[in-house]
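Have a look at the structure below before the remarks.
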Amino acid sequence: MQAMIFAAGLGTRLQPLTNDKPKALVKINGETLLERCIVNLQKHGIKKIIVNVHHFSEQIVALLQERTFSGLDIQISDESEMLLDTGGGVLNAAPLFDKKQPVLLLNVDVLTNLSFQELRSYHQRKKALATLVVRRRDTSRYLLFDDNRQLTGWKNYKTGETKISKPDEFEQSTPYAFSGIQIIQPELLHLIEEKGKFSIIDLYLRLAKANSIKAFVDDQSIWMDLGKYEQMNEAEQLVKQLDLE
């Protein structure tokens, strides 16, 4: 398995920490989010990693040149000219992927001890085109899955907006919150019709009409999405817990 780290975001909700650096280089207990993410992938035996960059991209490039990660092939997918969102980011990085291996995609600001190997095994058993890690937690936007954990749609429960992939199953489906972690088969790259900047969630919703887009329900692992400056203290405590494992 190979991996792509989404590290191109502006990190506006982490200001003032991101006023002079990208979110990926925000430090928790002395180590950047990007370094933690790379080391975690390496622990799971992943050796090929793509990192997309946009905001303060030169700082990320400099870190990866200075910091030695033994045995890893780390490549940059450059979005300096335009931030492409998650779907556009994957499409832009596609030439860098090994076309024979599934790709683990994850956000740089996700802190977790989820077993990526367990996730890959589930993905393979389900013969899924894509497998999305989800949790039962409070949010405003949910992905919906049927009893077979097939994606049926998306709903914003605050505004009522919906995007429906499977009309017959949508109303009876179970809502889950997306965890910012997913696995895709390389074949998915050939099914992308979208261009430029677009969300990978919208891509999944389109493909789910005729393809296997599955949920991996994670209710065991430690997980946190460091989205706001106010969460820094919580993140520091969680990282201490992860470091003790």
Given (1) farther than 19 Å from Leu105 by Cα; (2) touching a residue at least 40 places away in the same chain (Cβ under 8 Å); (3) out of contact with any Asp or Glu (no Cβ under 8 Å at 6 or more places or on another chain), index of the condition Trp223 fails: (1)
Only residues that are of a type in the set (S, T, N, Q) and open to solvent by 60 Å² or more (accessible area, probe 1.4 Å): list them for the stretch 140-160, please. Asn148, Thr159
Test of understanding: among Tyr229, Tyr204, Tyr142, Tyr176, which residue is at negative phi and modelled with pLDDT under 95? Tyr229
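With the condition being open to solvent by 10 Å² or more (accessible area, probe 1.4 Å), modelled with pLDDT of 95 or more and of a type in the set (Val, Ile, Thr), I'd like the strands (runs of 3 or more DSSP E) fully within the stretch 71-125 carrying at least 1 qualifying residues. Break it down stepwise before answering.
Values: elements: 73-78, 103-107, 110-112.
Of the strands (runs of 3 or more DSSP E) lying wholly inside the stretch 71-125, those with at least 1 residues that are open to solvent by 10 Å² or more (accessible area, probe 1.4 Å), modelled with pLDDT of 95 or more and of a type in the set (Val, Ile, Thr) span 73-78, 110-112.
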Looking at the stretch 187-245 only, could you name the residues that are open to solvent by less than 70 Å² (accessible area, probe 1.4 Å), assigned to a loop (DSSP other than H, G, I, E, B), more than 29 Å from Gly30 (Cα to Cα) and not polar (S, T, N, Q)? Ile192, Glu194, Gly196, Phe198, Ala208
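Looking for something open to solvent by less than 10 Å² (accessible area, probe 1.4 Å), among the polar types (S, T, N, Q) and either part of a loop (DSSP other than H, G, I, E, B) or out of contact with any strand residue (DSSP E or B) (no Cβ under 6 Å at 6 or more places or on another chain) (or both) - is there at least one such residue anywhere in the stretch 41-52? Lay out the reasoning, then the answer.
Pass one, the stretch 41-52, residues open to solvent by less than 10 Å² (accessible area, probe 1.4 Å): 41, 46, 49-52.
Narrowing the set further to residues that are among the polar types (S, T, N, Q) leaves 52.
From what is left, the residues that are either part of a loop (DSSP other than H, G, I, E, B) or out of contact with any strand residue (DSSP E or B) (no Cβ under 6 Å at 6 or more places or on another chain) (or both) are none.
No, the conditions are met nowhere in the stretch 41-52.
The values are calculated or read from the model by the stated rules, or taken from the named source; none is laboratory data. Values in this document were obtained by computation on a predicted structure and should not be read as measured data. Don't worry about glycine lacking a Cβ; one is built from the backbone with ideal geometry, like all the others, and counts go over all protein chains shown. With ligands, DNA and RNA removed, areas are computed over all heavy atoms of the protein, side chains included. Shrake-Rupley method; radii C 1.70, N 1.55, O 1.52, S 1.80 Å.
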